[in-house]
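A short worksheet on the structure shown next.
Any read-out appearing in this document is the output of simple, stated calculations on the displayed coordinates, not a laboratory observation. What you are looking at is a predicted structure, and each value in this text was computed from that prediction instead of being measured. Cβ sites come from the backbone with ideal geometry, for glycine too, and all protein chains shown count toward neighbours.
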């Protein structure tokens, strides 16, 4: 484990209620090449349970995130989500299945909540490419198809785009 220094100018900081360490291990196993950088627990005599995370840092897909346990006062909402750009359907299926496992929830249009309540968007890279360079009518057809999906399906998005 290394220290907390980073060249990343903005670092997400996630508040958990007793599950930060579990989340750190979960996210670093879901995303290949990820690691726990630092983990420090509250310890005896603190205002929080000794075995909970005072400060932790992980690197997930090159993104450094801090997290800690500080009680139930705040919860995650869909107002914040992590956007995962996927190269193919296999990658979409992998992240979707891993992040919805063990209590995660599917939502619509490629959105889901993991078992900690954190929102993710699992999206094919082709969606952004076609949105920025494609013909507006065809992009609209693609987004209309997207609106009826939970987990996004590249073949169906391509078919809608090419109608």
* Based on the mean of other Cβ atoms within 10 Å per residue, sort peptides 118-125, 39-46 so the most packed one is first. => 118-125, 39-46
* Asked: Where does the chain land at 222 nm, in deg cm²/dmol rounded to the nearest 500, when only DSSP H runs of n ≥ 4 count, each adding -39500 (n - 2.57), divided by all residues?
  -> -9000 deg cm²/dmol
* Cβ crowding within 10 Å averaged over residues, with 83-94, 14-25, 129-140 ranked highest first -> 14-25, 83-94, 129-140
* Note the angle between two axes, namely the Cα long axis of helix 20-30 and the longest principal axis of the Cα atoms of the chain, as a number of degrees from 0 to 90, rounded to the nearest 10. => 40 degrees
* When a footprinting reagent is the concern and you count Cβ atoms within 10 Å, what order do 10, 154, 80 take, fewest first? -> 10, 80, 154
* Structure fact -> Rounded to the nearest 10 degrees, the helix 89-100 long axis (Cα) sits at an angle to the longest Cα principal axis of the chain of 40 degrees
* Asked: To the nearest 0.05, how large is the calculated FRET efficiency for residue 129 and residue 51 if R₀ is 45 Å and r is the Cβ-Cβ distance?
  -> 0.45
* To do: Could you tell me which of rounded, prolate or oblate describes the chain, using a ≥ b ≥ c as the square roots of the eigenvalues of the alpha-carbon gyration tensor, with rounded for a/c under 1.5 and, failing that, prolate when a/b is larger than b/c and oblate otherwise?
  => prolate
* **Mean-position separation - Cα centroids, the stretch 106-133 and the stretch 33-93, in angstrom** => 19 Å
* **Distance (nanometres) between label positions extended 7 Å along Cα→Cβ at residue 44 and residue 87** => 5.1 nm
* Structure fact -> Tilt, helix 136-146 to longest principal axis of the chain (alpha-carbon atoms), in degrees rounded to tens, equals 60 degrees
* Asked: For the stretch 13-69, what proportion of DSSP beta bridges, expressed in % and rounded to the nearest 5, is antiparallel?
  -> 75 percent
* Asked: In terms of the Cα gyration tensor, with a ≥ b ≥ c the square roots of its eigenvalues, is the stretch 81-161 rounded because a/c is under 1.5, prolate because a/b exceeds b/c, or oblate?
  -> prolate
